[in-house]
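Trainee: Dropping the structure in here first, questions after.
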Amino acid sequence: MFLPSKNNVLPNTPIYPGSHFTWGEATKNGKRPLEDLIINDRLIVSAGQIEKTIVLTAMALDLVRQKLGNHPIHINSWYRPARDNKSVGGSQYSRHLFGDGVDFRSDYYLPQQIAKLLEPTHNGGFHAYSKFCHIDWRGHKARW
Ligand SMILES: [Zn+2]
């Protein structure tokens, strides 16, 4: 698929060179191509900005992966265009719309254990659900 930057990537293309995370993981195997985020007829973020955010998020997520002992982490949900966000019942300003919200799980740690490792120092959104964790980089600390 073509990214807004005109780079052509495959589902298994790393988000940046050396990343453990792929464009397929960020876009549900290409089924969620990046699009401008428009809320109430206002452009909130462009698709190009979302692409940049996904790259920065992959960098941060590689550090999270390292903190969790370099074991694989599985992405349940990352970027969501507005239509998909609505159909999964996401909130209107969900960080998944912006490209910096990620739901993930680990084969090695339960969500509560991941919370103990990440939650104290993470400057962004974090919540441990029963089967996965949500993490985002919204720019300030948020817990719920
Ligand atoms: Zn989430």
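The values are calculated or read from the model by the stated rules, or taken from the named source; none is laboratory data. All of these numbers come straight from a predicted model, not from anything done at the bench. Reconstructed Cβ throughout: ideal geometry from the backbone, glycine too, with neighbour counts over all protein chains shown. These accessible areas exclude ligands, DNA and RNA; they are computed on the full protein's heavy atoms, side chains included. Shrake-Rupley method; radii C 1.70, N 1.55, O 1.52, S 1.80 Å.
Trainee: Limited to the range 107-144, what total is found for residues that are β-branched (Val, Ile, Thr), touching a strand residue (DSSP E or B) at 6+ places or on another chain (Cβ under 7 Å) and away from the ligand (no atom under 12 Å from the Cβ)? Write out each step before concluding.
Mentor: Here is the first cut: in the range 107-144, the residues β-branched (Val, Ile, Thr) are 114, 121, 135.
Imposing the further condition that a residue be touching a strand residue (DSSP E or B) at 6+ places or on another chain (Cβ under 7 Å) reduces the set to 114, 135.
Now narrow it down to the ones that are away from the ligand (no atom under 12 Å from the Cβ): 114.
Of the residues in that region, 1 qualify.
Trainee: Turning to a different aspect of this structure: Which of the residues that make up the range 19-39 are closer than 21 Å to Asn70 by Cβ, of a type outside the set (Ser, Thr, Tyr) and open to solvent by 20 Å² or more (accessible area, probe 1.4 Å)?
Mentor: Hits for the range 19-39 are His20, Glu25.
Trainee: If a residue has to be part of a loop (DSSP other than H, G, I, E, B) and within 20 Å of Tyr79 (Cα to Cα) to count, how many in the range 124-140 make the cut? Write out each step before concluding.
Mentor: From the range 124-140, those part of a loop (DSSP other than H, G, I, E, B) are 124, 129-132, 137-140; that's our starting set.
Subset that is within 20 Å of Tyr79 (Cα to Cα): 124, 129, 131-132, 137-140.
So the count comes out to 8.
Trainee: Also, I was wondering about something else. Counting just the residues of the range 83-104 that are away from the ligand (no atom under 11 Å from the Cβ) and either under 25 Å from Asn70 (Cβ atoms) or of a type in the set (S, T, N, Q) (or both), which one comes out least open to solvent (accessible area, probe 1.4 Å)?
Mentor: Checked the range 83-104; the qualifying residue least open to solvent (accessible area, probe 1.4 Å) is Gly99.
Trainee: Among the numbered criteria (1) within 16 Å of the ligand (Cβ to nearest atom); (2) surrounded by fewer than 18 Cβ atoms within 10 Å (Cβ to Cβ), which single criterion is violated by Ile73?
Mentor: If we test Ile73 against (1) within 16 Å of the ligand (Cβ to nearest atom); (2) surrounded by fewer than 18 Cβ atoms within 10 Å (Cβ to Cβ), just (2) comes out false.
Trainee: Take the residues of the range 105-144 that are in contact (Cβ under 8 Å) with a residue 40 or more places away in the chain and open to solvent by less than 50 Å² (accessible area, probe 1.4 Å): which is nearest to His71 (Cα to Cα)? Reasoning before the result, please.
Mentor: First pass over the range 105-144, keeping only residues in contact (Cβ under 8 Å) with a residue 40 or more places away in the chain: 108-109, 114, 117-118, 132, 135-138.
Now restrict to residues that are open to solvent by less than 50 Å² (accessible area, probe 1.4 Å): 114, 118, 135-136.
Values: Ile114: 12, Leu118: 15, Ile135: 17, Asp136: 20 Å.
Out of the qualifying residues, it is Ile114.
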